[in-house]
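Structure record follows, encoded as structure tokens.
Please treat every number below as a calculation from the coordinates, not as lab data. Everything numeric here is computed off the predicted structure, so don't read it as measured data. Note that each Cβ is placed from the backbone with ideal geometry, even for glycine, and that neighbours are counted across all protein chains shown.
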Amino acid sequence: MPLHLVLASRSPRRRELLLSLCPGARIDVLPPPQSEERGFEGCHDWRTIEDRIGLIAREKSALVEPLWHQQTDWQQSLLVAADTTIVVGEPRGGLRVLGQPPDDDSWRDTVRHWFERYYLGQTHWALSALCLVSPDGTRRETVVRTAVTFRTVPPGLIDWYLSTGESRGKAGGYAIQGAGSVFASRIEGSLSNVVGLPLEVLQEWLAAAVPARG
């Protein structure tokens with residue numbers, strides 16, 4: 001493992017995931033200096049969606065790189081950037097990207113609509129872009145897709161879930177690592193990817209980036 005990993009993220013969930021690969025004392029968190037990100041306007045197929053989310057992760061790493069060099073022992077660390085979103089299929093064809101619910105009182109209606117129209121009894125996808133930057137400037141980038149199928153449930157269960165408030169601030173309006181797990185009947189691919197960081201890929205990259213010590 002490297003001496004340090006620098007996480008370019010505001011997400012506490014990503015840091016929690018990273019703790020399974022690296023001790024907390026070896027993790028520095030440097031959020032991007034600006035919170036505004038590109039949206040997914042005009043992205044309605046896999047190619048354009050994957051290109052856009054890859055660009056978002058790449059831009060996060062670029063924003064944090066100057067801070068990485070200024071505030072850490074960057075020559076002994078690796079920079080990790082990621083972005084995660086939820087992709088659903090429209091009933092009439094095409095794809096749609098769901099971000100976070102509105103940050104106002106309408107969030108409940110929005111999340112209920114997402115569950116009833118796109119989730120229950122259907123399969124959707126968690127999509128994460130991952131970017132790893134080495135001190136020598138080498139970059140590794142990929143996009144990981146996980147299929148998530150939700151079961152059909154009575155309306156009362158949606159009411160209960162909304163009452164937990166868990167949906168707020170979550171991409172797609174649910175947390176698979178929390179109470180949102182009650183809806184999932186099948187997950188095909190990386191579970192950690194749904195939470196926000198594809199650990200399986202990252203672990204392989206870290207092993208390749210850091211020679212084993214004899």
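Sorted by packing (mean other beta-carbon atoms within 10 Å per residue), highest first, where do 107-118, 24-35 land?
Sorting 107-118, 24-35 by mean packing, highest first, produces 107-118, 24-35.
Round to a whole angstrom and tell me the spacing of the C-alpha centers of region 30-87 and region 94-142.
When both Cα centres are located, 14 Å separates them.
Can you give me the relative contact order of region 1-76 as a percent, contacts being Cα pairs under 8 Å and 6 or more apart? Before the final figure, lay out each step's value.
On the way: 57 pairs, mean separation 27.6, N = 76.
Relative contact order, region 1-76: 36 percent.
Restricting things to Cα coordinates, could you compute the convex hull volume per residue of the chain in Å³?
In the chain, the Cα hull volume divided by residue count equals 129 Å³.
In deg cm²/dmol, rounded to 500, what helix-only [θ] at 222 nm does the chain give when every DSSP H run of at least 4 residues adds -39500 (n - 2.57) and the total is split over its residues?
Details: 6 runs with 67 residues, N = 214.
So the calculated ellipticity at 222 nm is -9500 deg cm²/dmol.
Using 0.36 nm per residue, how much length does the chain from ASP105 to THR123 gain when fully extended, once their Cα-Cα distance is taken away?
3.7 nm
Set the Förster radius R0 to 35 Å, insert the Cβ-Cβ distance between GLU90 and ALA62 as r into 1/(1 + (r/R0)^6), and round the FRET efficiency to 0.05.
0.60
What ranking, highest mean first, results for peptides 63-69, 132-138 when packing means the other Cβ atoms within 10 Å averaged over each residue?
Descending packing order for the listed peptides: 63-69, 132-138.
Would you mind working out the magnitude of the charge dipole of the chain relative to its Cα centre, with +1 at each Lys and Arg C-beta and -1 at each Asp and Glu C-beta, to the nearest 20 Debye? Could you put the intermediate results ahead of the total?
Numbers: 23 positive and 25 negative charges, 79 e Å.
Taking the Cα centre of the chain as origin, the dipole is about 380 debye.
At 7 Å along Cα-to-Cβ for each site, give me the label-to-label distance between THR152 and GLU116 in nm.
Reported label-point gap for THR152 and GLU116 is 1.6 nm.
Using a/c under 1.5 as the rounded threshold, could you call region 111-166 rounded, prolate or oblate? The axes a ≥ b ≥ c are square roots of the C-alpha gyration tensor eigenvalues, and prolate needs a/b larger than b/c, oblate otherwise.
prolate
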